[in-house]
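Below is one structure, written out as structure tokens, with a few remarks after it.
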2 protein chains.
Amino acid sequence: MLLAPGYRRGVSARELVVLGTASQAPTRRRNHNGYLLRWDDEGLLLDPGEGTQRQLVRAGVPVSAVTRLCLTHFHGDHCLGVPGVLQRRSLDAVEHPLHAYYPASGRPYFERLRHASSYVETARTVEHPVEQDGVVLDTGRWRLVAQHLDHRVDTLGWRVEEHDGVRILPERLAERGVRGPDVGRLLRDGRLDRGDGDVVLLRDVSAPRRGQVFAFVMDTRRCDAALELARGADLLVCEATFLHRDADLADRYAHLTARSAAEIAREAGARRLVLTHLSQRYPLPDEHLAEAAAVFPDVVVAEDLDRVPVPPR
Amino acid sequence: MLLAPGYRRGVSARELVVLGTASQAPTRRRNHNGYLLRWDDEGLLLDPGEGTQRQLVRAGVPVSAVTRLCLTHFHGDHCLGVPGVLQRRSLDAVEHPLHAYYPASGRPYFERLRHASSYVETARTVEHPVEQDGVVLDTGRWRLVAQHLDHRVDTLGWRVEEHDGVRILPERLAERGVRGPDVGRLLRDGRLDRGDGDVVLLRDVSAPRRGQVFAFVMDTRRCDAALELARGADLLVCEATFLHRDADLADRYAHLTARSAAEIAREAGARRLVLTHLSQRYPLPDEHLAEAAAVFPDVVVAEDLDRVPVPPR
């Protein structure tokens with residue numbers, strides 16, 4: 001991957017596995033779009049273009065790692081990998097269901113992709129066509145939010161929001177003499193009753209911790225929804241099909257430039273920006289990096305098979 | 001590519017461009033199935049699996065080189081590349097139509113593949129669902145023949161047969177004093193009238209030349225149709241999913257082994273055999289080569305992006 005000087009190194013249990021970075025035409029170097037967000041025990045597959053099944057093999061990720069599928073829209077470079085992934089789940093006898101989220105207007109396309117060729121469908125797929133903006137899922141630990149963007153066809157952006165939590169303050173724990181299994185009880189119950197009126201409250205030994213946020217803004221003109229999705233995101237994945245010098249093309253085809261993606265990141269107060277979905281017209285991604293880094297510090301121009309950590313809070 | 005000692009080197013204007021060589025699961029090394037037969041001014045795309053669009057890029061072949069599409073059956077590894085190829089033809093504004101041949105029972109699948117996602121279909125596709133065995137096309141120079149094989153779903157094998165022609169004998173031409181543009185006239189008209197009863201007949205200055213034959217035998221148990229398709233083929237492409245030691249699996253899933261493919265080539269009097277569609281269970285293809293070469297001399301175990309000449313006559 002191409003890193004801006006302002007990229008902050010570090011590791012995280014949550015990461016983006018980049019499966020492909022091309023826009024509508026793949027190249028020798030770039031497969032069609034495709035992303036796996038590893039988020040605790042879940043794997044969210046976003047916009048799998050053609051060839052995603054093999055890119056998963058190359059990334060060393062079994063298809064069973066995918067628990068949810070989020071599509072922004074039904075242009076081929078964002079969904080033609082769906083049949084391969086669904087069929088492979090049945091071939092590998094994956095037992096857990098796959099929950100699929102996509103713009104409801106694309107139901108006929110999803111139906112065709114799901115039954116594009118002959119196979120024995122044993123792995124379960126649970127479809128969640130999305131009619132309107134808002135929260136489409138709340139797991140109790142994080143929420144999945146969809147919001148309509150402004151592209152040539154009906155398109156959704158996605159946002160994964162961890163619920164806010166707390167960060168334990170070890171010195172406060174020590175002051176109150178809480179240790180061992182009591183810490184777990186305190187975290188679980190929010191209080192620890194040690195008898196004789198000796199109650200430790202979680203809020204007294206912790207500080208609030210904002211939940212992590214991942215945002216996925218694909219194929220869109222600049223619009224308010226893109227900003228709202230990106231608001232305070234720890235990791236923002238944003239299409240940057242064009243360079244600013246081709247802003248007329250970006251406008252005509254309802255896409256972003258590297259500069260406009262970086263402006264969204266800056267205005268939304270995002271922490272790290274991943275640029276992807278690059279047009280084949282640019283043989284090298286250096287200019288994308290330079291253009292974005294001039295506006296926003298922590299930028300990555302993604303290459304196929306990169307792994308980008310979600311910056312920890 | 002892995003060549004047997006009996007492989008005869010040489011070049012030919014007609015060649016097989018190997019786009020992928022895996023069976024149902026792609027590997028780091030092998031893309032899903034896919035083959036382009038370059039045959040004079042035509043390009044026959046056979047069984048494009050997922051990722052074929054990008055494999056064409058890697059092979060340096062524009063999608064406009066494809067003039068016909070032949071599918072053996074509608075398992076994903078033989079057809080999930082169809083949407084990408086059709087959509088790319090429209091994107092590239094290819095002007096000539098694509099003629100698509102496939103088993104008629106698969107019409108609903110072809111329909112879904114053709115309209116799998118949202119695009120503006122400007123390039124023409126002319127569908128030729130095949131109901132029964134026999135000649136499905138005669139261009140005047142060559143014929144396309146289909147014949148049903150024996151797989152788990154309705155499956156066709158394919159055969160391209162050049163019409164028999166003649167080979168000019170230069171010494172006979174010299175004897176009769178035919179040269180320059182007269183040679184072309186003689187070839188075109190079969191005779192050359194030089195006045196005063198001086199007529200040269202083509203047959204007097206040439207020898208018969210058998211037309212070239214290409215055969216494509218995919219996903220099948222051993223059956224009479226496989227032998228008939230392969231009869232006298234200059235180039236036989238044959239699936240060899242398994243090795244003989246796994247003949248029980250080959251039988252259970254209605255596939256061939258390297259040995260049985262070589263036996264078909266030998267019994268059919270083929271000239272060159274290309275083995276492909278290898279199961280991912282075999283990390284290396286050496287055993288496929290050894291097993292087949294023990295039965296039939298001119299064997300190639302195909303690797304992705306190989307180009308295999310059709311041996312000239």
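Quick look at the numbers
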| read-out | value |
| --- | --- |
| Accessible area buried, both sides summed, chains B and A with 1.4 Å probe, Å² | 3000 |
| FRET efficiency, B:Arg114 to A:Val126 (Cβ-Cβ, R0 30 Å, nearest 0.05) | 0.65 |
| Rel. contact order, % - alpha carbon contacts under 8 angstrom, at least six apart, chain A | 21 |
| Net charge contributed by nearby residues that have their C-beta within less than 9 Å of A:Asp298 (K/R +1, D/E -1) | +3 |
| Whole-angstrom gap from the stretch A:1-52 to the stretch A:97-122, using each part's C-alpha centre | 22 |
| Accessible solvent surface per residue of chain B, calculated while the other protein chains remain in place, 1.4 angstrom probe, Å² | 40 |
| Shielded residues, the stretch B:46-87 - accessible-area loss of 40 Å² or more between chain alone and all protein chains, probe 1.4 Å | B:Glu50, B:Gln53, B:Arg54, B:Val57, B:Arg58, B:Leu80 |
| Euclidean distance between Cα centres, the stretch A:165-192 to the stretch B:248-297, Å | 65 |
| Table column - 3J(HN,Hα) (Hz), the stretch B:77-92, Karplus curve with 6.51, -1.76, 1.60, x for Gly and Pro | 5, 10, 8, 6, x, 4, x, x, 5, 5, 5, 5, 4, 5, 4, 8 |
| B:Glu287-A:Asp286 FRET efficiency (beta carbon distance; Förster radius 51 Å; 0.05 resolution) | 0.65 |
| Residue-wise HN-Hα coupling along the stretch B:37-49, computed from phi with Karplus coefficients 6.51, -1.76, 1.60 (Hz; x: Gly, Pro) | 9, 8, 9, 6, 8, 10, x, 9, 8, 10, 6, x, x |
| Calculated from backbone phi, Karplus (6.51, -1.76, 1.60) coupling profile of the stretch B:115-126 in Hz, x at Gly/Pro | 10, 5, 8, 7, 7, 8, 7, 9, 6, 7, 10, 10 |
| Within a Gaussian network of chain B (alpha carbon springs, distance under 10 Å), most fluctuating of B:Arg172, B:Arg141, B:Arg271 | B:Arg172 |
| Sites matching GluC sites (Glu not before Pro) across the stretch A:101-201 that sit in DSSP coil, with at most 14 neighbouring C-beta atoms within 10 Å | A:Glu121, A:Glu131 |
| Hydrodynamic radius (Kirkwood) for the stretch A:1-113, which is based on Cα pairs only, to one decimal in Å | 14.7 |
| Cα-based convex hull volume of the stretch B:67-147 per residue, rounded to whole Å³ | 90 |
| Other copies of A:Val120: label-to-label distances in nm, shortest first, labels 7 Å along the beta-carbon direction | 4.5 |
| Gain on full stretching of the segment that runs from B:Leu201 to B:Asp150 - 0.36 nm per residue minus C-alpha separation | 13.7 nm |
| Label spacing, shortest first and in nm, from A:Gly269 to its equivalents in the remaining copies (7 angstrom along Cα→Cβ) | 8.2 |
| Over the stretch B:168-309, relative contact order from alpha-carbon pairs under 8 Å, at least 6 apart, % | 18 |
| Highest-MSF residue in chain B out of B:Glu15, B:Glu239, B:Glu42 [GNM, Cα springs under 10 Å] | B:Glu42 |
| Translational D in µm²/s for the protein assembly as shown (Stokes-Einstein at 37 °C, 0.692 mPa s, Kirkwood Rh from C-alpha pairs) | 121 |
| Farthest toward positive dipole pole in the stretch B:40-123 [+1 Lys/Arg, -1 Asp/Glu at C-beta], among B:Ala100, B:Val85, B:His75 | B:His75 |
| Label geometry 7 Å along the beta-carbon vector: A:Ala294 inter-copy distances in nm | 6.7 |
| Size of electric dipole in the protein assembly as shown: Cβ of Lys, Arg +1 and of Asp, Glu -1, about Cα centre, debye, nearest 20 | 980 |
| Between helix A:258-268 and chain A: long-axis angle, C-alpha atoms, 0 to 90°, nearest 10 | 30 |
| Ellipsoid equivalent to chain A - semi-axes via the Cα gyration tensor, in Å | 36, 25, 17 |
| 10 Å Cβ neighbours from other chains, averaged over peptide A:109-120 | 6 |
| Estimated inter-spin distance, B:Arg231 and B:Arg313, nm [label 7 Å along Cα→Cβ] | 1.4 |
| Of A:Arg245, A:Arg259, A:Arg179, the one that fluctuates the most in a GNM where chain A has Cα springs shorter than 10 Å | A:Arg179 |
| Among B:Thr241, B:Leu278, B:Leu229 - extreme Cα towards positive end, dipole of the stretch B:170-291, charges at beta-carbon | B:Leu229 |
| Percent carbon-and-sulfur accessible area, the protein assembly as shown, ignoring ligands, DNA and RNA, probe 1.4 Å | 48 |
| Segment A:Glu95-A:Arg172, length gained on full extension (0.36 nm per residue, minus Cα span) | 23.3 nm |
| The protein assembly as shown: calculated mean residue ellipticity at 222 nm from DSSP helix runs of at least 4, using -39500 (n - 2.57) | -6500 deg cm²/dmol |
| Net charge of neighbours whose Cβ lies under 14 Å from the Cβ of A:Gly140, counting Lys and Arg as +1 and Asp and Glu as -1 | -4 |
| Shielding by other protein chains, B:30-38, mean Cβ within 10 Å | 1 |
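The values are calculated or read from the model by the stated rules, or taken from the named source; none is laboratory data. Keep in mind that this is a model prediction, so the values were computed, not measured. All Cβ positions, glycine included, derive from the backbone under ideal geometry; neighbour counts span all protein chains shown. Accessible surface is based on the protein model in full, side chains and every heavy atom, while ligands, DNA and RNA are left aside. Shrake-Rupley method; radii C 1.70, N 1.55, O 1.52, S 1.80 Å.
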